[in-house]
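Just below is one structure, and these are the notes that go with it.
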Amino acid sequence: MTYSSALRDQKESKGTCSTASLGMAVASKGIGPNHAQAPLEQIQRGLAMTEDSLGQDLDPLEQGQHRKYERILDELQLNPGASLLEIGCGWGGFALHARRRGLHLKCLTLSAEQLSYAQSMHRLASSQHGPDLGRVEFCLQDYRDEEGRYDGIVSIEMFEAVGEAYWDSYFQQLRAALKPGGKAVIQSITIDEQYFERYRASTDFIQQYIFPGGMLPSSQRLIALAKTHGLQLCNTLSFGQDYAWTLARWHERFLSVDEQVRKLGYDERFIRMWRFYLAYCEAGFAEGATDVVQFSFVRL
């Protein structure tokens, strides 16, 4: 399953910083295999999916994934040779796009499996493209232990896993790791402010069964926290309706491989839970109770 969502209509709210316009699609999560101990052909496919960010051979979800990466890089407005920190690098898909622009990255993860896969894919990319790519370093490291300072920071749907008790420390670390005038792009799923207090006071299906310890911010609270720590909002892009569309596609694809899923050892209880999860999330985005937003900030 490819973790991506297509954006069909761009909806931007501009602040004091300029941004390049995007055409058609944006995605929501990193490219990755079902598990990280992937054979070479799976790693090669992951690399091939990044070779043409506008490639017509890709399906709409993959095209959206690539355009999402490109929009984030356009927002950062970094020149070749600039330093970029990625907090929560997933399977390494974004880093490939950033390297193609000649950027020097440090990518953090807490997953040994994702680390191994990303390193393998990037070694393959280096062997094929050599000096045409920027540099990348993947680290099994907590973001709070980072001591470097960077021209830009990217964090794609990692904030939801931080936990409300650590939101302040997250933004403290972002400011500490960002050079003055540097930009940070944070992509996060959000919850409508009118539902936040009720959501905070209880445990929903997602928190109980899918992401224990997870917590969604409202856009207002995330922006206010960033401002408290000296990060000024430049721009936002919301595409929750497109996430609803994506979840429907994921559900269709999941159903189409039902037999293969069962052969992997997943039972009826898991399959029903996963279908409910996909439908539950689709409804939340379709009704507007949840959204997915890219926030662009500059360090003052």
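Among the candidates Val261, Val257, Val298, the residue that is touching a strand residue (DSSP E or B) at 6+ places or on another chain (Cβ under 7 Å) and of a type in the set (Val, Ile, Thr) is uniquely Val298.
Residue check: Ala244 meets all listed conditions (1) part of a loop (DSSP other than H, G, I, E, B); (2) in contact (Cβ under 8 Å) with a residue 40 or more places away in the chain but one, namely (1). Any residue in region 159-181 that is farther than 21 Å from Thr228 by Cβ and either free of Cβ contacts under 8 Å to residues at least 12 places away in the same chain or of a type in the set (Lys, Arg) (or both)? Checked against the condition, which is being farther than 21 Å from Thr228 by Cβ and either free of Cβ contacts under 8 Å to residues at least 12 places away in the same chain or of a type in the set (Lys, Arg) (or both), region 159-181 yields no hits at all.
Among the residues of region 165-195, the one identified as assigned to a helix (DSSP H, G or I) and in contact with a Pro (Cβ under 8 Å, 6 or more places away or on another chain) is Trp167. Please find, within region 222-241, the residue that is surrounded by the most Cβ atoms within 10 Å (Cβ to Cβ) out of those that are among the polar types (S, T, N, Q) and assigned to a helix (DSSP H, G or I). Restricting to residues being among the polar types (S, T, N, Q) and assigned to a helix (DSSP H, G or I), the top hit is Gln241. Looking across region 55-81, the residues that are touching a helix residue (DSSP H, G or I) at 6+ places or on another chain (Cβ under 8 Å), closer than 17 Å to Ile153 by Cα and either surrounded by fewer than 24 Cβ atoms within 10 Å (Cβ to Cβ) or of a type in the set (Val, Ile, Thr) (or both) come down to Glu70, Ile72, Leu73. Could you please find all residues in region 93-134 being aromatic (Phe, Trp, Tyr) and closer than 21 Å to Leu174 by Cβ? Answer for region 93-134, where residues must be aromatic (Phe, Trp, Tyr) and closer than 21 Å to Leu174 by Cβ: just Phe94. The one condition from (1) surrounded by 19 or more Cβ atoms within 10 Å (Cβ to Cβ); (2) part of a loop (DSSP other than H, G, I, E, B); (3) more than 18 Å from the chain's Cα centre (by Cα) that Gly90 does not meet is (3).
Only residues that are in a loop (DSSP other than H, G, I, E, B) and surrounded by fewer than 24 Cβ atoms within 10 Å (Cβ to Cβ) were counted in region 93-107, giving 2.
Read the figures in this text as sums done on the coordinates, not as results from a lab. Computed from a predicted structure; not experimentally measured. Counting neighbours? That spans all protein chains shown, and the Cβs are built from the backbone with ideal geometry, glycine included.
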